[in-house]
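Shown next, in structure tokens, is the structure this report addresses.
The values are calculated or read from the model by the stated rules, or taken from the named source; none is laboratory data. Not measured: the values here are computed from a predicted model. Note that each Cβ is placed from the backbone with ideal geometry, even for glycine, and that neighbours are counted across all protein chains shown. Quick note on the areas: whole protein, heavy atoms, side chains included, nothing else; ligands and nucleic acids left out. Shrake-Rupley method; radii C 1.70, N 1.55, O 1.52, S 1.80 Å.
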Amino acid sequence: MNSKQVVFITGSSTGFGRLFADTLARKGHTVFATMRDIGGRNAKNASEIRALAEKDSLPISVLELDVINDASVERAVDAAVAKAGRIDVAINNAGYVVSGLAEAVTTEQARRLMDTNFFGPVRVNRAVLPHMRRQRSGMLMHISSGAGRIVGPSMGFYCASKFALEALAESYSYELASQGIESVIVQPGPYETPVTDNMVRAADEARANTYGPAKQIAAKINAALSAVAGNAQEVADAVLRIIETPAGEKQLRYLVSPESFGVDQINALSKHVQADLLAGLGLAADTRFLIKGKAVGSV
């Protein structure tokens, strides 16, 4: 893989995605910053990114991409490959939070959340993998969360979407090893980003109102996480370090968080359990680079 990567990022209009685009481009990596509705709700964000790229001579291109639409994903990937000739890194970053008591989250809200947070990466990975497999190199990066390992009340559906993403990302890491392609998981803790402002609340207030004091759990959790939130640039810097880590030396999981909340302990235990499982299934040789990898923990 070239030292300067071609990086394809979803959800680049604000927050982590925008920071990733800026941070990577300033280090010379070619970035495709994708977002939905660049002619409408994200027109200002797209224009700001283009203006910054022109002003500072940054290798950033903005592409239209809606992760819940197969055709939109395929068009964006084809456009990136047509312009750059390849995609070395796909960062599955697009996502949002649904907050509230589980019973108060409607099935439509749950479906849309999974369509973005889980099926979005499925679509992106299916679109980029044929190109990476032809290259015999590449990396899928999945922006998960500490909530992809631990569960908080009022965050059940968000946690479920990230648990699902983590399982799929780990499966990719085993299946793609022989293809020269890596799959990694980044687990940010609480950071200051627009994710709180974009949070979707459970819609069935009538049901929530029957829970009494438990209805206030979501507000208490959000306040507690906000109190310890760190500078989001830490996550962008970690992503840069991961991308610039040589092939074969990357970890499967990276916890990047002001607080561990025990996620690092779960990661370490899971690493050993999975190694034993693969060995027991006679697959150790096929995934040996994972079993011999460095201990999982913070970057």
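Quick notes
- Restricted to helices (runs of 4 or more DSSP H) entirely inside segment 37-120, those with at least 2 residues that are of a type in the set (Ser, Thr, Tyr) and closer than 26 Å to residue 169 by Cβ are 107-117.
- Every condition in (1) over 30 Å from residue 261 (Cβ atoms); (2) of a type outside the set (Asp, Glu); (3) free of Cβ contacts under 8 Å to residues at least 40 places away in the same chain; (4) buried (at least 20 other Cβ atoms within 10 Å of the Cβ) holds for residue 127 except the one numbered (3).
- On inspection, residue 216 does not qualify as among the polar types (S, T, N, Q), surrounded by fewer than 19 Cβ atoms within 10 Å (Cβ to Cβ) and in contact with a helix residue (DSSP H, G or I) (Cβ under 6 Å, 6 or more places away or on another chain).
- Residue 24, sole failed condition from (1) modelled with pLDDT of 95 or more; (2) in contact with a helix residue (DSSP H, G or I) (Cβ under 9 Å, 6 or more places away or on another chain); (3) part of a loop (DSSP other than H, G, I, E, B): (3)
- Breaking point among (1) open to solvent by less than 40 Å² (accessible area, probe 1.4 Å); (2) more than 14 Å from the chain's Cα centre (by Cα), for residue 188: (2)
- Test: residue in segment 240-257 that is under 25 Å from residue 181 (Cβ atoms), open to solvent by 40 Å² or more (accessible area, probe 1.4 Å) and assigned to a helix (DSSP H, G or I): yes
- Criterion: at pLDDT 95 or above, crowded, with 19+ Cβ neighbours inside 10 Å and acidic (Asp, Glu) - qualifying residue of 78, 66, 70: 66
- Segment 139-158, subset over 16 Å from the mean Cα position of the chain (by Cα) and not in a helix (DSSP H, G or I), residue nearest to residue 247 (Cα to Cα): 150
- Filtered by the rule that a residue be closer than 23 Å to residue 136 by Cα and not in a strand (DSSP E or B), segment 175-189 gives 175, 176, 177, 178, 179, 180.
- Screening residue 32 against (1) open to solvent by 50 Å² or more (accessible area, probe 1.4 Å); (2) over 15 Å from the mean Cα position of the chain (by Cα); (3) not polar (S, T, N, Q) leaves a single unmet condition, (1).
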